[in-house]
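Undergrad: Mind looking over this structure? Questions follow.
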Amino acid sequence: MIGLRQIKSQLINFFIEVGEISYFTKRFFIEVFKRPFETKEFLRQCYQMGNRSLLLVGITGFIIGLVLTLQTRPTLMEFGAVSWMPSMVSISIVREIGPIITALVCAGRIGSGIGAELGSMRVTEQIDAMEVSGTNPFKYLVATRVLAVTLMLPLLVLFGDAIALFGSYLVENLKGNVSFLLYFNKVFDALEFGDILPATIKSFFFGLAIGIVGCYKGYNCKKGTEGVGKAANTAVVLSSLLLFIIDFIAVFVTDIFYDL
Amino acid sequence: MTTKTQIANRDIVLQIKDLRKSFGDNDVLNGFNMELYQGESLVIMGKSGSGKSVMIKCLVGLLESDSGYIRVMKNDITKLDQEALDILRADIGFLFQGSALYDSMTVRENLEFPLRRHTKKFGEHIDAEALVIEALENVGLVSAIDLMPSELSGGMKRRIALARTLIMKPKIILYDEPTSGLDPITAKEIILLMQDIQRKYGTSSLIITHDVDCARVISDRMILLIDGIDYAMGTFNELAKMDDPKVKAFFKH
Ligand SMILES: Nc1ncnc2c1ncn2[C@@H]1O[C@H](COP(=O)(O)OP(=O)(O)O)[C@@H](O)[C@H]1O
Ligand SMILES: [Mg+2]
């Protein structure tokens, strides 16, 4: 009986949160197009986000490319299809692995950072102080950050993809003596516009999800120090979950377009 | 000291009638009333957790009250739209309990921040630099202009926060526990500063505190916030003489 009631109240809370996040997203779209633009803060956020996650995205991408190639190599050898390696690796990285891995890394790095930063600003009443001085903190803090992640994530994904392909090339070069030119010729032969465009669009949505969830959790942070930790933590958990849901939807939508 | 009759003839700049606010089952304010007259220093005293901060936040629209009437300089703030509210807020200074300096900005940027949206009040071409310096001179901390908040002591933070409120040249200043968390000497300095500002700019002040010494020095009039209502009102001496046990509890050491 108690279990049932708990599930019910959790379900209600879940729907309340969905509603609040939708409202938060709507408010973002209203504020982001309103003048005056907070250009300076927006650029500062872009720089910081890029700067903070570039190394992490690079390392992760490199290892993924390396591992993917090393592990597929024996199987392809068995079928005498090693020459397919560049096309296979590039398609799987560009379409799926690159975007999702980069987005997950950024959810951990950028999403939690935003959650903690805005959360501590909320707890120490800095957001209230902006509000009472009539300076619209939502526009200054939330709109700039969400827009910055949304635009930076596709760039980070491209960067991650490139590094991953480079990692894959290194393996091919060491194990199979494939030259740089040959490898990347094959990569660009295999890749189509139809691979890159959906992946890039998907990456925008990944960025939007990370930004919205991080800002929502931080902006509505509960009082107390544990509130800040919780805001950062739930920002990562919820945005990671959302990333997979968006990915799932994106696959369906892309599939429809391929069929046309 | 201003006497009661003198005060009664002046304009009311802030008025709260029958303010009610609860969080779930927690009834914090159950019909609170107050008036703040032009140029006066009104102290509101109450135990911690009695709803002083909640009251002051309802006053500036940071929290939405459940019911009640709040008038700020002839405006009913519950009926204002966002833009009108923001314009009105330029005339109200708010000093937060924990100073609330923006910790990613320097002192200068902290002070310039409120100016960015209020070109209406100061005209398009404001000399931000001059305003910043003037505000810092008022609190005696011009030398701290390029420091980060993390490099300041608690007392300095409070002064910078005060400078940030002053830069808007507010007509009313709301102080939420201006001396809490400070040592007695620094607290005294802050109180002197508040009196200086009152004299220099003729602002009206609403001071929230549970510090009896602060209340004695600075108050023209006091209201005790007990059980969510304006339990008692009067000058410091009048309240200190009352026989009510709940009132007495504030004044014995
Ligand atoms: N945002 C909030 N949500 C829920 N309860 C709150 C909130 N703000 C204040 N309270 C509650 O209201 C009561 C009064 O708080 P407050 O006004 O901060 O006290 P103080 O008089 O010390 O300033 C406390 O019991 C507090 O728990
Ligand atoms: Mg308080």
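Undergrad: If you average 1/r over all unlike Cα pairs in segment A:154-200 and invert the result, what Kirkwood radius do you get in angstrom?
TA: Computed over segment A:154-200, the radius equals 11.5 Å.
Undergrad: Compare the Cα positions of B:Pro149, B:Asn237, A:Val94 along the charge dipole of the protein assembly as shown (+1 at Cβ of Lys, Arg; -1 at Cβ of Asp, Glu; about the Cα centre) and return the one farthest towards the positive end.
TA: B:Asn237
Undergrad: With solvent modelled as a 1.4 Å probe, how much accessible area in total do chains B and A shield from it at their shared surface, in Å² to the nearest 100?
TA: 1800
Undergrad: Counting helices only, and only those DSSP H runs with n ≥ 4, report the 222 nm mean residue ellipticity of chain B as the sum of -39,500 (n - 2.57) divided by its residues, in deg cm²/dmol to the nearest 500.
TA: Calculated mean residue ellipticity at 222 nm is -10000 deg cm²/dmol.
Undergrad: Let me ask you something else. State which stretch of chain A is the longest one without any exposed trypsin sites (Lys or Arg not before Pro), exposure meaning a DSSP loop state and at most 12 other Cβ atoms within 10 Å.
TA: With a cap of 12 other Cβ atoms within 10 Å, the longest stretch comes to A:35-221.
Undergrad: Further, regarding this structure: What figure in square angstrom, to the nearest 10, would you give for the accessible area of A:Ser112 with a 1.4 Å probe?
TA: Accessible surface of A:Ser112 is approximately 30 Å².
Undergrad: Moving on to the next point. Test of the criteria: in segment A:1-81, which GluC sites (Glu not before Pro) are in a DSSP loop and have at most 12 other Cβ atoms within 10 angstrom of their Cβ?
TA: The qualifying sites: there are none.
Undergrad: How big is the Rg/Rh ratio for segment A:1-87, C-alpha atoms only, Rh by Kirkwood, two decimals?
TA: Radius of gyration relative to Kirkwood radius: 1.28.
Undergrad: Give or take rounding to whole Å, what are the principal axis extents of the alpha carbon atoms in the protein assembly as shown, in descending order?
TA: Answer, in whole Å and largest first: 101, 63, 42 Å.
Undergrad: Residue farthest toward the positive end of the dipole of the protein assembly as shown, with Cβ of Lys/Arg at +1 and Asp/Glu at -1: which of A:Gly3, A:Leu165, A:Thr25?
TA: A:Gly3
Undergrad: Right, another one. Hey, any idea what % of segment A:36-259's accessible area is carbon plus sulfur with a 1.4 Å probe?
TA: 72
Undergrad: What does the charge dipole of chain B about its Cα centre add up to, to the nearest 20 debye, if the Cβ of each Lys and Arg holds +1 and the Cβ of each Asp and Glu holds -1?
TA: 520
Undergrad: Grab segment B:150-253 and count how many Lys pairs have their alpha-carbon atoms under 25 Å apart, sequence gap of 8 or more, or different chains.
TA: For segment B:150-253, qualifying lysine pairs total 13.
Undergrad: Charges on Cβ only, +1 for Lys and Arg, -1 for Asp and Glu, centred on the Cα centroid of segment A:36-259; of A:Cys221, A:Val57, A:Ser240, which one is farthest towards the dipole's positive end?
TA: Farthest along the dipole direction, towards plus: A:Cys221.
Undergrad: Starting from the Cα gyration tensor of segment A:36-259, multiply each eigenvalue by 5, take the square root, and state the resulting semi-axes largest first in whole Å.
TA: Value: 39, 16, 15 Å, ordered largest first.
Undergrad: Mind checking B:103-112 for the average number of partner chain beta-carbons within 10 Å of each residue's beta-carbon?
TA: Mean shielding by partner chains, rounded to a whole number: 1.
Undergrad: Dividing the convex hull volume of the alpha carbon atoms of segment B:100-253 by its residue count, what do you get in Å³ per residue?
TA: About 132 Å³ per residue, rounded to a whole number.
Undergrad: Take the Cα atoms of segment B:13-127, find their three principal axes, and give me the spread along each one in whole Å, biggest first.
TA: Largest first, segment B:13-127 extends 47, 31, 29 Å along its Cα principal axes.
Undergrad: Over all alpha-carbon pairs of segment A:187-238, lay out the pair-distance distribution in 10 Å bins, whole %, shortest bin first.
TA: 23, 32, 19, 16, 8, 1
The values are calculated or read from the model by the stated rules, or taken from the named source; none is laboratory data. Only a predicted model underlies this, so the values are computations on that prediction, with no experimental measurement involved. All Cβ positions, glycine included, derive from the backbone under ideal geometry; neighbour counts span all protein chains shown. Side chains are part of the model used for accessible areas, which takes the heavy atoms of the whole protein and leaves out ligands, DNA and RNA. Shrake-Rupley method; radii C 1.70, N 1.55, O 1.52, S 1.80 Å.
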